[in-house]
Amino acid sequence: MEGNNMTVIDTDTWAESHIGYKRKDNEDRFLIKELPGLMILAVADGMGGHAGGEIAAQIVIDAFREYNFSKENLERDLKKALYNAQKKILSKMIENYDLDGMGSTATIAVLYRNKTFWIHVGDSRIYLLHNKKIKQITTDHTFIQDLIEDGTITLEQAKTHPLKDMLDQCVGCDEIQPDTGVFNLQKNDRLLLCSDGLSRHLSDLQIESILATNTVQKTCQQLIQATLKMGGTDNVTVIVKEF
């Protein structure tokens with residue numbers, strides 16, 4: 001199942017997306033796709049005028065929905081699907097000058113047996129909740145993250161820095177260097193994929209406290225509501241999967 005504002009339910013998987021209070025359109029997209037022995041979870045947050053953000057995000061989601069994944073080489077297939085999206089977005093911009101500058105984040109997890117294979121570009125995120133403690137799996141591809149890592153600014157300074165929301169990588173940018181990885185899952189672990197509409201409003205501790213309680217449905221709803229209470233300045237999308 002996929003969408004931009006719908007709710008998706010399964011016994012242990014739930015997703016929700018909300019336009020927020022400040023945006024005219026919801027440029028977030030998500031995907032939950034089950035295959036024999038596999039599950040694909042994806043969040044894409046688009047950017048660009050003239051509906052470019054919505055188009056770019058949908059291209060990312062379509063690329064992973066349509067790709068024929070092989071259990072033998074999931075890391076390779078994740079990269080191929082991502083670069084398929086990259087090529088299509090670049091081609092769209094060449095075809096239509098009004099779409100120049102459009103792009104999207106891409107944060108995807110493929111679940112196979114007790115492992116999660118992932119690929120990531122942009123500032124959407126993957127979190128793992130293990131023993132009720134949260135860990136951010138992905139690293140934001142933002143200029144501000146680079147400044148934090150080289151010690152130029154502190155985490156506290158980053159919260160109000162003028163570049164805090166500026167990406168240095170996106171699907172549709174001239175060059176991308178996606179991050180990839182794999183990690184093990186244990187029973188009762190929870191996986192969260194989200195757009196930055198969540199992480200810009202809620203701290204990791206706030207996310208942890210909500211993610212560690214209630215059903216996956218209520219968890220998604222509470223994450224969305226907590227974000228809206230903090231202002232809802234952006235579209236917000238969450239997927240929660242329990243093992």
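The values are calculated or read from the model by the stated rules, or taken from the named source; none is laboratory data. All values reported here derive from a predicted model rather than from experimental measurement. We place every Cβ from the backbone using ideal geometry, glycine too, and count neighbours over all the protein chains shown.
Summary table below
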{"read-out": "Neighbours by Cβ (under 7 Å, 6+ apart or cross-chain): first from region 115-130, farther than 12 Å from residue 42 by Cα and of a type in the set (Val, Ile, Thr); second in a strand (DSSP E or B) and at pLDDT 95 or above", "value": "116/109; 116/182; 116/183; 116/191"}
{"read-out": "Exclusive hit being farther than 21 Å from residue 57 by Cβ, touching a residue at least 40 places away in the same chain (Cβ under 8 Å) and surrounded by 19 or more Cβ atoms within 10 Å (Cβ to Cβ), set 193, 211", "value": "211"}
{"read-out": "Per-region count, region 60-91, residues within 19 Å of residue 39 (Cα to Cα) and either buried (at least 17 other Cβ atoms within 10 Å of the Cβ) or more than 17 Å from the chain's Cα centre (by Cα) (or both)", "value": "21"}
{"read-out": "Of residues in region 1-59 being polar (S, T, N, Q) and either at pLDDT 95 or above or surrounded by 19 or more Cβ atoms within 10 Å (Cβ to Cβ) (or both), the one farthest from residue 121 (Cα to Cα)", "value": "13"}
{"read-out": "Helices (runs of 4 or more DSSP H) within region 190-239 that include 1 or more residues among the small types (Gly, Ala, Ser), modelled with pLDDT of 95 or more and touching a Leu at 6+ places or on another chain (Cβ under 9 Å)", "value": "216-229"}
{"read-out": "Inter-residue pairs, beta-carbon under 6 Å, first under 21 Å from residue 109 (Cα atoms) and in region 216-243, second among the basic types (Lys, Arg) and part of a strand (DSSP E or B), 6+ apart", "value": "242/190"}
{"read-out": "Filter result (touching a Phe, Trp or Tyr at 6+ places or on another chain (Cβ under 6 Å) and closer than 26 Å to residue 53 by Cα) within region 195-238", "value": "220, 232, 237"}
